[in-house]
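Chemist: Got a structure here, written out as structure tokens. Questions coming.
The values are calculated or read from the model by the stated rules, or taken from the named source; none is laboratory data. On a predicted model such as this, the values are computed, not experimentally measured, just so you know. Cβ atoms come from the backbone with ideal geometry, glycine included; neighbour counts cover every protein chain shown. Side chains included, ligands, DNA and RNA excluded: accessible areas come from the protein's heavy atoms. Shrake-Rupley method; radii C 1.70, N 1.55, O 1.52, S 1.80 Å.
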Amino acid sequence: MKRLFLAGLAIITLLHPGTGIQTRFPLASSPAKQVAADRLQWWREARFGMFIHWGPVSLKGTEIGWSRGDQVPVEVYDQLYRQFNPVKFKAEEWVAVAKEAGMKYIMLTSKHHDGFCLWSTQTTSYNIMNTPFHRDVVKELSAACKKEGIIFCTYFSILDWHHPDYPLGSPGGKTKKPSPNMPRYVQYLKTQLGELARHYGPLGIFWFDGEWEEPWTSEMGLDLYRYCRSLQDSVIVNNRVAKARKGMEGVSAGGEFAGDYDTPEQRIGSFQQNPPWESCITICQQWSWKPEDKLKSLQECLRTLATCAGGDGNLLLNVGPMPDGRIEPRQVKRLKEIGAWLKQSGSGIYGTRGGPYQPGAWGASTWKENKIYLHLFEVLPSGLELPSLPRRILSSKSISGGNAKVLQTPTSVQVHLDPVLKSGSVTVLELTLDGEAGTIPPVSVAGQKK
Ligand code: H79
């Protein structure tokens, strides 16, 4: 199993030569931390993944996380699966879109808060095999990912408002189940996770969610984390397995057990080198498909990606495929545009670390070995003035097209961009230094004169 997983990573490395394998990450301070750092390395280097929220709820076009018992009455919602028949679903197409976008991993909602399972599970009849579609989506997508060197990962909701053993039945615990049984419910979760790991693994990540409700405890979280690692030692587990998350900022309260990484939701994480983090953000407004949902501009998507990388985090960009199984063409177009930018500028994203300049309205910076990548968001007529660097800049070039001049003085680094550069995009300059960039302490950038 382990070898297979490494083979997948080898494919990624082959497909993207020079993107990270030689990256030198700061050494962890203890052997245990080093093991954890090694386990997370593929994911930190990947920087960009695709989140997919999908299920029978797409037939209604309402939100997957909170429309059961709200916009859609429970009796109606729980019967939607009987009509779910996404005949245009092609796992290879989803994977091809993710690859063209420059994404390195795919995270599928194997089970959301509504309890519906997208795989052929023995644990409940409320699953994809009992729809008219009758095809195992997790199986097809995980197989397509493996074939293409994309790491397959699963989202999994701890809370399950549908299952009779889980105590609560709707958001905020407004309804309660008549005879819940939490120990039996935990066993149900474990059996499901065992199926996922054994039948569709090796998995990249178990991405938990729905941990905040009262029935879940930090003891259960630690136990579940250990269980996941016993299923597959290399698996990465996000912080929502536990109870340490501070709201939608997604960062963990210090000292408490908090899985492997932080999870800001619908916002870009702040500059933070440890714990590692990944922002999950929708390409439109809703997680699951909504007709005519407002699509983010290319500029916003690129700035978001660069700001995540510059803050030393990942971006998990979400799409919600339609009820017929296709990702909306306009979303596919946007993803391809992001991929086109990454083809040119990806060396400033993949396998880099955030810093030394901290992100802001001006842009973001990443580094790798003796290079700094400046991701510039605006063409300022007066040029951009960044704080000085304790290294000499030997050379500079734009890797995203156009010309730029970089002037280093004892007190600053001045950047003048060619005004013909498109303002809708992000310009990436590669600076070559006379030494390691990783030892330069983080430095914040003051607001710039327009
Ligand atoms: O799957 C997507 C959403 O459907 C799901 N998370 C993303 C990845 C999600 N479910 N619910 N929510 C998001 C919003 C929940 C917000 C709150 Fe809270 C729960 C507010 C108070 C309790 C978050 C957790 C903030 C405090 C605790």
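Chemist: So what's the stretch 145-270 giving for Rg/Rh, alpha carbon basis, Kirkwood Rh from the mean inverse pair distance?
Modeler: 0.98
Chemist: OK, next. So, in nm, how far is label Lys294 from label Ser125 when the simple model puts each one 7 Å beyond its Cα toward the Cβ?
Modeler: Taking the two extended label points, one gets 4.4 nm.
Chemist: Still on this model: Quantify how much of the Cα-Cα distance distribution of the stretch 315-413 extends past 18 Å, in percent.
Modeler: The answer is 58 percent, as a whole percent.
Chemist: P(r) of the stretch 366-450 in 10 Å steps, Cα pairs, percent per bin?
Modeler: 18, 53, 27, 2
Chemist: Note down the Stokes-Einstein diffusion coefficient of the stretch 294-338 in µm²/s, whole number, using a Kirkwood radius over alpha carbon pairs, 20 °C, and 1.002 mPa s.
Modeler: 185
Chemist: May I ask you to give the percent of accessible area on the chain that is carbon plus sulfur, with a probe radius of 1.4 Å?
Modeler: It is 54 percent, rounded to a whole number.
Chemist: Let me ask you something else. Treating only the Cβ of Lys, Arg, Asp and Glu as charged (+1, +1, -1, -1), what charge dipole size does the chain show about its Cα centre? Round to the nearest 20 debye.
Modeler: 740
Chemist: Please identify, among Pro132, Pro264, Pro356, the residue showing maximal mean-square fluctuation in a Gaussian network model of the chain using a 10 angstrom Cα cutoff.
Modeler: Result: Pro132 has the largest fluctuation of those listed.
Chemist: Cα-based Rg of the chain per 2.2 N^0.38 Å, rounded to two decimals?
Modeler: 1.00
Chemist: How tilted is helix 218-231 with respect to the longest principal axis of the chain? Cα atoms for both, answer in degrees (0 to 90, nearest 10).
Modeler: 80
Chemist: Once fully extended, how much extra length lies between Arg82 and Glu249, figured as 0.36 nm per residue of separation less the alpha-carbon to alpha-carbon distance?
Modeler: 56.4 nm
Chemist: Also: Given a 1.4 Å probe, how much area per residue of the chain is accessible, in Å²?
Modeler: 41
Chemist: Around Asn238, which amide H atoms from residues at least 5 apart in sequence, or from another chain, sit under 5 Å from its own amide H, with H modelled in the peptide plane?
Modeler: Amide H neighbours of Asn238, under 5 Å, 5+ apart: Phe206, Phe208, Asp260.
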